[in-house]
Amino acid sequence: MAQFILVCDRARRQAGGRAAALEECARALWPPGIVPAPTKLVEDGSLALAVVNPNEGVALRGTSLCLGRILDTPGAWWRPGSSPPDGTYSLIRCSPDEVEIVADLAASRGVWYYHDPDVFLASSSQRALVTLLGSFELEPTAVTWMVTSGSLGPLPSYDRRLRRVSPDGTVKLDRHTWELDVRSRWEPYQSQDLSDEEHVRRLNDTVVETCAYLVPDVERWPVLLSGGYDSRTIFVGLLQAGARPRCVTWGFEASLRDERSDAAIASRLAREVGARHDFFRLDGRPGRTAEALERFVTVSEGQLPDFTMYADAFETWETLAAEGCVGVVRGDNHGWGYLGEFSSDLNVRHHCGADLLDDYAPSHAIRRLELPGQVWSAELTRRDGEDLLGYRDRLQHSLFIPSRISPLNHLKAPYLEIVNPLQARRVADVVASLPERLRVHPGALARAHDVHGPAVPFASRPAATLHQILAAAATRGGIAEGLRTAP
């Protein structure tokens, strides 16, 4: 439910002069549709930290902050250099000697930073940093990536000066030398020689162990439940840990009558175990298309084009926040993929959301846009001896999750905190030990559900699609009006 903005001045000047600028940035980040909590401003000499719309789910100690959720014994999480706890979060850790930004294994909460000889800035919002800098320097290929791939791809931002903390990465500023130490700790998968039954048991037990950290707060942390594998894994894990979670699904009202849709299957799952299930209609209040588009572009900061699940102008998230929910539990997978057969490097790139301009035929309409060409770095190219599935795993971790999954969390974070147990380190460590046959669909998750899950089929159709929304005359009219309007 919170975002943050951090300013550290090299000259050790008092940060108080920046208070007004931080307050202005914070107001620009207030989530539409709700009355935010007062901004929490903490100053310590030349360092200032603003926490935007904080709630009780935010851990704050001095000028150190945890956004997200720790799924572990916390330890000294606030101390720079200490071992990070397990969980899905971003940590901001400050001392008189250092400022350290820590991303979880999947960089589930995006953090951007800026560093020059005079100042270090960091924030969960690109817009906040651009506002503080007082200018905007467009990275032209960011536009190309968005048009070709529907994301920023490997680029961190639309502004060429900003950088993003890598998955499982740290950015540490030495406040004396003013040097940055930037690292990422992720290691490739190494399977273990165990029986399939033992692999499945270990995975299930680890998911249950991780979910157990959510049990005391389960009433105020509803599960975002669909009809697929990932969210059901969390749902079943919470049940095995002794909780009966509240579940939330959203989509078009008609999807509830489609017995194979995400909405209908989620509702059936909840009924099967007597859990509360709330369905939010995306088509509940007509005439909000223009408002929904404007809010989506603002809150997403242009990181994604698919506004399907926000066609209600974020009314779902306004409602949950108003009801006193602290956060939501997501079920994005990490390291196992539904598609396991790849025929080429191009096929892998497409699966991981990295389509290039050169992939389009010369006659394609995209060529008329005269977009600047992209650079596909050697770091993202398939390595000698790397098979296609291993290549997929690496791109999914380094590119797909930061550019596609993390922005989904960014959309909800202004309203509610986010936690994703499947991206906890202890779960990832078990997944890393799975042989390939258990990491692709149907694999270890499917086998675990056969043993522990309710006898309810999996969904084969979504509860809403972008195509359905774009087919509506109101949507087309709203987009056309926006394009005709002068900035």
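The values are calculated or read from the model by the stated rules, or taken from the named source; none is laboratory data. Just so you know, these numbers come straight off a predicted model, no measurement behind them. All Cβ positions, glycine included, derive from the backbone under ideal geometry; neighbour counts span all protein chains shown. Each accessible area value is taken on the protein alone, full model and side chains, heavy atoms only, with ligands, DNA and RNA left out. Shrake-Rupley method; radii C 1.70, N 1.55, O 1.52, S 1.80 Å.
At a glance:
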{"quantity": "Unique match (being touching a residue at least 24 places away in the same chain (Cβ under 8 Å) and within 17 Å of ARG330 (Cα to Cα)) among VAL273, VAL248", "calculated": "VAL248"}
{"quantity": "Residue within the stretch 289-300 that is touching a residue at least 24 places away in the same chain (Cβ under 8 Å), out of contact with any strand residue (DSSP E or B) (no Cβ under 6 Å at 6 or more places or on another chain) and at positive phi present", "calculated": "no"}
{"quantity": "Residue check, THR319 within 28 Å of GLY87 (Cα to Cα), open to solvent by less than 10 Å² (accessible area, probe 1.4 Å) and of a type in the set (Ser, Thr, Tyr)", "calculated": "no"}
{"quantity": "Residue among PRO372, PRO362 that alone is open to solvent by 20 Å² or more (accessible area, probe 1.4 Å) and closer than 25 Å to TYR158 by Cβ", "calculated": "PRO372"}
{"quantity": "Leading residue by the ranking (most open to solvent (accessible area, probe 1.4 Å)) among those in the stretch 229-256 that are touching a Phe, Trp or Tyr at 6+ places or on another chain (Cβ under 8 Å) and over 19 Å from VAL208 (Cβ atoms)", "calculated": "LEU256"}
{"quantity": "Strands (runs of 3 or more DSSP E) wholly inside the stretch 83-182 that include at least 3 residues being buried (at least 18 other Cβ atoms within 10 Å of the Cβ) and in contact with a Leu (Cβ under 6 Å, 6 or more places away or on another chain)", "calculated": "87-94, 112-115, 119-123"}
{"quantity": "Total residues in the stretch 257-269, condition surrounded by fewer than 23 Cβ atoms within 10 Å (Cβ to Cβ) and touching a residue at least 40 places away in the same chain (Cβ under 8 Å)", "calculated": "4"}
{"quantity": "Any hit, the stretch 412-420, residues being open to solvent by 10 Å² or more (accessible area, probe 1.4 Å), in a helix (DSSP H, G or I) and closer than 30 Å to VAL111 by Cβ", "calculated": "no"}
{"quantity": "Some residue of the stretch 43-55 being within 15 Å of LEU22 (Cβ to Cβ) and open to solvent by 40 Å² or more (accessible area, probe 1.4 Å)", "calculated": "yes"}
{"quantity": "Residue within the stretch 197-215 that is closer than 30 Å to VAL99 by Cα and open to solvent by less than 50 Å² (accessible area, probe 1.4 Å) present", "calculated": "yes"}
{"quantity": "Test set (1) at pLDDT 90 or above; (2) within 24 Å of ALA103 (Cβ to Cβ); (3) open to solvent by 10 Å² or more (accessible area, probe 1.4 Å); (4) in a helix (DSSP H, G or I) - ILE405 fails condition number", "calculated": "(1)"}
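Rundown of residues vs (1) under 24 Å from the mean Cα position of the chain (by Cα); (2) of a type outside the set (A, V, I, L, M, F, W, C), yes/no style:
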site: ARG367; (1), (2): no, yes
site: PRO402; (1), (2): yes, yes
site: VAL456; (1), (2): no, no
site: ALA463; (1), (2): yes, no
site: THR475; (1), (2): no, yes
